[in-house]
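Some notes on the structure that comes next.
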Amino acid sequence: MRSKLARAAAVLFALALLYPLSGLFTQIRSWRWDADVSGPSLASIRVSLGLTSLAMLIVVVLGTPAAVYIARRGVHERLWWQAVFLLSILLPPLALGILLSITFGRVTNTPAAFVGTQVYVSIGYYVLGAVAAFDGVPTILEKHAALLGQPPTAVFWRVTFPLARLGLAVALSVAWVRALGEFGAVVVTAYYPSGMPVQLWVNLQSFGLPAVMPLLLIFLITALPLPWAVHLLAQRRPHA
Amino acid sequence: MDVHLELESGGCFALFGASGSGKSTVLSCIAGIEQPDDGFVRWDGLSFYPPPLPLHLRGVGYLTQDPHLFPHLTVEQNIAFGLAAARSRAESEWLERLRDSLGLADIWKAAASQISGGQARRAGVARMLARRPPLVLLDEPFNGLDRQLRRELLEALEVWRREIGFSMIVVDHESEILERLCSSVAVIAQGRIVQQGSWAAVRAAPIDRVLDNLLRPL
């Protein structure tokens, strides 16, 4: 009896979490996709997907060596690094945007500012997740690989990376969603070129909900499936 | 810890002592898994310490009770791990000989994470020998194995040692295994070598009652 009640409560909780998605099916006026809406919306999709992909490349190139370094440090140094990356995660987005716009100066409202902001808002998530992924690779395996004649780079690519790759994919998927969906900081540092979140806001302000729905659907399709699948795969194969 | 060992090329030294005496620490310092606090480690003209020589340059084969196979690779890939990606015919034949001598044919393509402990131990021996290391370090590699498997591994090590000619340092707390492999023994207690010599000499005059008890059959 108790387990049935617990299951019923869990189902209600899951339904509550999924409830916002019902908004996609809510009856509203016909979705709007005329030239005033579609042109800027399509441009925002290209901006978001293109520049976020570039930002993720920077996150991986900078964040992976940092995570390898941190994962193999002692307790005290790791705490210091985790404090640094937590700060970048915990900064309120609007505050971060204001601070970055001061730092960027004339570079605000440029693709570089857009990419830079996305790197700042997401790299902390990636690095902390990557550190956890590398923590899952026993150092004794790396030492045995070295004793078999493999230099450090070969040890990384042949042992460390394959064993950590699923965790790295999870970390990158979280960083992707975070960067793609960033609004608070980007609206300050890079209103132009507008990515999907800013364009959703503009469409809402200018034309109302009917003009928001098409872009919202595309936004969800680009943001959710890959990270969702990666997380589910990681749960099924935690030691892959 | 205070240890001084000298091993001749092609020789075999046994490190014998009670659990916790420091035997494994000696091997891990030679392999580079741990760093000694003081002193030096030299082998065949190379200084392993100081300064610490990178592990991939030591040319040492190291096998512990847990062979630490790479779980994402097959048994074959594990054993060939230290060889070049493009293997010569001689290397491929060498691997096949190792495979057959250690009874690994049935699990050759199996994932290393899916084989039994005994199979993993045999695969660990093969992986260690694949590069024909000049110095082999064995840290209780027979622990937990049944008598049949122990005999097979002992025989394989004896055969390969004659063929490859490697030097060996073996750690175990069972004197019967060590006596079969090595003619010289160093007895370690509380991190110090307390007695050293041939097995006959050590058995004839064990330094203390603890050693005498360790040397007695069960």
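Coordinate-derived values only; no laboratory data. Here the structure is a predicted model, which is why all the values come from computation and not from measurement. Here the Cβ positions follow ideal geometry from the backbone for every residue, glycine too, while neighbour counts run over all protein chains shown.
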>> Placing unit charges on C-beta atoms (Lys and Arg positive, Asp and Glu negative, everything else neutral), compute the dipole magnitude of the range B:69-132 about its Cα centre in debye, rounded to 20.
In response: 180
>> Tell me the volume per residue, in Å³, of the convex hull enclosing the alpha carbons of chain A.
In response: 168
>> With Kirkwood's inverse mean 1/r over C-alpha pairs for Rh, give me the Rg to Rh ratio of the range B:115-182, two decimals please.
In response: 0.93
> Using the alpha-carbon atoms, what tilt in degrees (0 to 90, nearest 10) does helix A:35-71 show relative to the longest principal axis of chain A?
Replying inline: 20
>> Ignoring everything except DSSP H segments at least 4 long, calculate the 222 nm mean residue ellipticity for chain A; use -39,500 (n - 2.57) per segment, divide by total residues, nearest 500.
In response: -25000 deg cm²/dmol
>> What's the ranking of A:215-223, B:18-26, A:98-106, A:73-81 by average number of surrounding C-beta atoms within 10 Å, highest first?
In response: B:18-26, A:215-223, A:98-106, A:73-81
>> If you average the C-alpha positions of the range A:24-73 and of the range A:97-166 separately, how far apart do those two centres end up, in angstrom?
In response: 19
>> Among B:Gln77, B:Ala126, B:Ile107, whose Cα projects farthest towards the positive end of the dipole of the range B:69-132, with charges put on the beta-carbon of Lys, Arg (+1) and Asp, Glu (-1)?
In response: B:Ala126
>> Looking at the range A:1-106, I'd like the Rg to Rh ratio, where Rg is from alpha-carbon atoms and Rh is Kirkwood's inverse mean 1/r.
In response: 1.14
> Helix B:89-101 sits at what angle to the longest principal axis of chain B, using alpha carbons and giving 0 to 90 degrees rounded to 10?
Replying inline: 60
>> Could you work out the pair-distance distribution P(r) of the range B:69-132 from its alpha-carbon pairs, with 5 angstrom bin width and percents rounded to whole numbers?
In response: 4, 21, 35, 25, 12, 3, 0
> About its Cα centre, how strong a charge dipole does the protein assembly as shown have in debye, to the nearest 20, once Lys and Arg get +1 and Asp and Glu get -1 at the Cβ?
Replying inline: 1340
>> Output the 0 to 90 degree angle, nearest 10, between the alpha-carbon long axis of helix A:75-90 and the longest principal axis computed from the alpha carbons of chain A.
In response: 10
>> Which of B:Ala130, B:Ala85, B:Ala110 ends up with the largest GNM mean-square fluctuation for chain B, with Cα atoms connected below 10 Å?
In response: B:Ala85
> Among B:56-69, A:38-51, how do they line up from the highest to the lowest mean number of other beta-carbon atoms within 10 Å?
Replying inline: B:56-69, A:38-51
> Under the definition of partner shielding as Cβ atoms of other protein chains within 10 Å of a residue Cβ, what is the mean value for peptide B:45-58?
Replying inline: 2
> Do you know the relative contact order of the range A:33-236, to the nearest whole percent, from alpha carbon pairs under 8 angstrom that are 6+ apart?
Replying inline: 32
>> If you restrict to DSSP beta bridges whose two residues both lie in the protein assembly as shown, what percentage is antiparallel, to the nearest 5?
In response: 35
>> With +1 assigned to the C-beta of every Lys and Arg and -1 to the C-beta of every Asp and Glu, and no other charges, what is the dipole magnitude of chain B about the Cα centre in debye, to the nearest 20?
In response: 380
> Which Cys in chain B stand alone, with every other cysteine's Cβ at 4.7 Å or more from theirs?
Replying inline: B:Cys29
>> I want to verify a result. In a Gaussian network model of chain A, Cα cutoff 10 Å, which of these has the top mean-square fluctuation: A:Met213, A:Met56, A:Met196?
In response: A:Met213
> Please state the equivalent ellipsoid semi-axes for chain B: what are the square roots of 5 times the Cα gyration tensor eigenvalues, largest first, in whole Å?
Replying inline: 30, 21, 15
>> For the range B:1-130, take the convex hull of the Cα atoms, compute a quarter of its surface area, and give me that in nm², please.
In response: 9.6
> Across peptide B:123-132, what mean number of C-beta atoms from other chains lies inside 10 Å of a residue's C-beta?
Replying inline: 1
> Cα centroids of the range A:191-228 and the range B:83-99: how far apart, whole angstrom?
Replying inline: 57
>> Give me the mean projected area, in nm² to one decimal, of the convex hull enclosing the Cα positions of the protein assembly as shown.
In response: 32.5
> For the range A:10-65, what is the convex hull volume of its Cα atoms per residue in Å³?
Replying inline: 106
